[in-house]
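Everything below concerns the one structure shown next.
The values are calculated or read from the model by the stated rules, or taken from the named source; none is laboratory data. On a predicted model such as this, the values are computed, not experimentally measured, just so you know. Positions of Cβ are backbone-derived with ideal geometry, glycine not excepted, and every protein chain shown enters the neighbour counts. Surface accessibility is based on the protein's heavy atoms, side chains included, excluding ligands, DNA and RNA. Shrake-Rupley method; radii C 1.70, N 1.55, O 1.52, S 1.80 Å.
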Amino acid sequence: MVIVTGGTGYIGSHTCVELINNGYDVVVLDNLSNSDESVLNSIEEITGKRPQFFKVDIDNAEQLALVFNKIGSQAESIIHFAAKKAVGESVNEPLLYYRNNLDSLMNILVEMERFQIPNLVFSSSCTVYGQPDVCPVTEATPRKEAESPYGNTKSMCEDIIRDTSRVQQLKAISLRYFNPIGAHESAKIGELPVGVPNNLVPFVTQTAAGIRKELTIFGDDYDTIDGTCVRDYIHVVDLAKAHLRALRKLEVETRQNSYDIFNIGTGKGSSVLEVVNAFKKATGISVNYKIGSRRNGDITAVYADTTKANTELNWKSELGLEEALRSSWNWERNYRKIRA
Ligand code: NAD
Ligand code: WQD
């Protein structure tokens with residue numbers, strides 16, 4: 001059995017679908033602070049199976065222990081998605097982020113030791129690279145001082161896992177996600193941003209849907225192909241599949257203490273203008289945009305070298321930018337229709 005923390009969230013729900021479709025028994029833990037319980041219905045509609053669910057604050061050790069008393073002895077693996085992830089909010093409320101993200105991970109590690117659960121996959125982020133000196137970045141590229149408390153929590157969590165795996169019977173992998181976008185092809189699950197989206201693609205789809213008047217592109221004077229920032233946009237379904245490959249690697253790993261890190265991206269950088277143009281190609285919709293000033297904390301460019309994941313996880317991204325944007329748009333339309 002696999003415990004998926006944050007399993008009703010954006011990436012977690014897509015990973016639940018892939019796990020169930022590949023025969024895993026899945027139990028979801030989430031406090032629904034940034035997701036909705038109805039996601040479980042959608043997972044059931046897609047896969048024909050409803051994961052068992054516990055509503056629990058993972059940062060609360062006592063609450064979590066009660067849940068593990070019920071399920072811990074059946075678990076072989078944990079995929080730990082649960083975390084707060086809003087970069088701007090973390091700048092204003094650092095303690096909320098350190099407490100939630102660090103305590104949650106440490107509570108999970110304590111329960112893993114208590115129930116001798118060997119395998120952990122952790123959601124890290126390309127944010128740990130900051131503005132790298134050279135792109136693409138490999139896992140050996142030095143991490144940099146993070147731009148935000150959120151980013152710091154990812155770096156610190158990686159270190160906590162590394163150090164714990166040296167002394168506890170723990171096999172662990174951190175996956176450093178680049179920029180996840182897109183949605184399941186059924187358009188039954190996807191990203192659900194609360195309020196005005198901070199991220200590019202939800203802003204683009206909401207502008208296309210007429211909810212926002214226009215997209216502001218944050219700066220066109222960067223040293224890039226067209227002056228706008230460059231990122232590595234990875235389809236969430238490809239990303240979800242990477243978790244299965246990571247789990248498989250842990251399942252066959254014979255060392256009792258192991259820790260490894262993998263970049264999960266496409267290996268291709270795309271500028272903001274390229275995303276806007278790809279959206280037009282994928283959907284036929286030209287999104288209104290204007291060029292605004294740079295956003296604080298934005299880096300010029302980051303994209304992944306994925307050689308290590310390609311060779312050691314036998315994983316490769318398969319879906320392209322246009323496919324991802326088309327799926328985001330289908331999700332946006334389906335979601336609005338459902339709520340209308
Ligand atoms: P999300 O907010 O959709 O999902 C996270 C889930 O965790 C939510 O359902 C939320 O309710 C839950 N959660 C948060 N704190 C909790 C707690 N204390 N107890 C129980 N549940 C809790 O986010 P996502 O985009 O699916 O991200 C999943 C993971 O991937 C996070 O760790 C995030 O930091 C990481 N990540 C995300 C991105 C991205 O751009 N989406 C990029 C890199 C890494
Ligand atoms: C992408 C590009 C913006 C909105 C964030 C987190 C990072 C990781 C992934 C979790 C940038 C530009 C955006 C808009 C714009 N998350 N943009 N107009 O900042 O690369 O990464 O998500 O770990 O930690 O920081 O993603 O989608 O916000 O921005 O021009 O309205 O789009 O400047 O170049 P980002 P994003």
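Summary of computed values
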{"quantity": "Residue match in the range 20-27 (condition: under 20 Å from the mean Cα position of the chain (by Cα), assigned to a strand (DSSP E or B) and within 10 Å of ligand 1 (Cβ to nearest atom))", "calculated": "no"}
{"quantity": "Of the criteria (1) open to solvent by less than 10 Å² (accessible area, probe 1.4 Å); (2) over 17 Å from residue 321 (Cβ atoms); (3) more than 11 Å from ligand 2 (Cβ to nearest atom); (4) not assigned by TED's automatic domain parsing to the domain that holds residue 120, which one residue 205 fails", "calculated": "(2)"}
{"quantity": "Subset tally (residues that are among the aromatic types (Phe, Trp, Tyr) and within 13 Å of ligand 1 (Cβ to nearest atom)) for the range 185-240", "calculated": "1"}
{"quantity": "Answer residue from the range 4-19, given it is among the hydrophobic types (A, V, I, L, M, F, W, C) and under 16 Å from residue 80 (Cβ atoms) and is farthest from the chain's Cα centre (by Cα) among those", "calculated": "19"}
{"quantity": "Failed item, numbered, when residue 169 is tested on (1) near ligand 2 (Cβ under 9 Å from one of its atoms); (2) open to solvent by 40 Å² or more (accessible area, probe 1.4 Å)", "calculated": "(1)"}
{"quantity": "Checking residue 87 against (1) over 26 Å from residue 13 (Cβ atoms); (2) open to solvent by 20 Å² or more (accessible area, probe 1.4 Å); (3) of a type in the set (A, V, I, L, M), the condition it does not meet", "calculated": "(1)"}
{"quantity": "Complete set of residues in the range 155-166 that are in contact with a Ser or Thr (Cβ under 9 Å, 6 or more places away or on another chain) and either surrounded by fewer than 17 Cβ atoms within 10 Å (Cβ to Cβ) or free of Cβ contacts under 8 Å to residues at least 40 places away in the same chain (or both)", "calculated": "155, 162"}
{"quantity": "Strands (runs of 3 or more DSSP E) contained in the range 228-340 and holding at least 2 residues outside the structural domain of residue 135 (by TED's automatic domain parsing) and more than 19 Å from the chain's Cα centre (by Cα)", "calculated": "289-292"}
{"quantity": "Residue list for the range 268-307, restricted to those being touching a residue at least 12 places away in the same chain (Cβ under 8 Å) and open to solvent by 50 Å² or more (accessible area, probe 1.4 Å)", "calculated": "268, 274, 281, 288, 289, 290, 291, 293, 294, 295, 303, 307"}
{"quantity": "Matching residues in the range 116-137 - criterion: being surrounded by 15 or more Cβ atoms within 10 Å (Cβ to Cβ), more than 10 Å from ligand 1 (Cβ to nearest atom) and not small (Gly, Ala, Ser)", "calculated": "117, 118, 119, 120, 121, 129, 132, 135, 136, 137"}
{"quantity": "Neighbours by Cβ (under 7 Å, 6+ apart or cross-chain): first from the range 63-86, without any contact (Cβ under 8 Å) to a residue 12 or more places away in the chain; second more than 14 Å from ligand 2 (Cβ to nearest atom)", "calculated": "63/56; 63/57"}
{"quantity": "Qualifying positions in the range 320-336 - touching a strand residue (DSSP E or B) at 6+ places or on another chain (Cβ under 9 Å) and open to solvent by 50 Å² or more (accessible area, probe 1.4 Å)", "calculated": "323"}
{"quantity": "Residue identified as in contact with a strand residue (DSSP E or B) (Cβ under 7 Å, 6 or more places away or on another chain), surrounded by fewer than 19 Cβ atoms within 10 Å (Cβ to Cβ) and either among the aliphatic types (A, V, I, L, M) or under 20 Å from residue 248 (Cα atoms) (or both) among 40, 32", "calculated": "32"}
{"quantity": "Condition check for residue 153: among the β-branched types (Val, Ile, Thr) and touching an Asp or Glu at 6+ places or on another chain (Cβ under 7 Å)", "calculated": "no"}
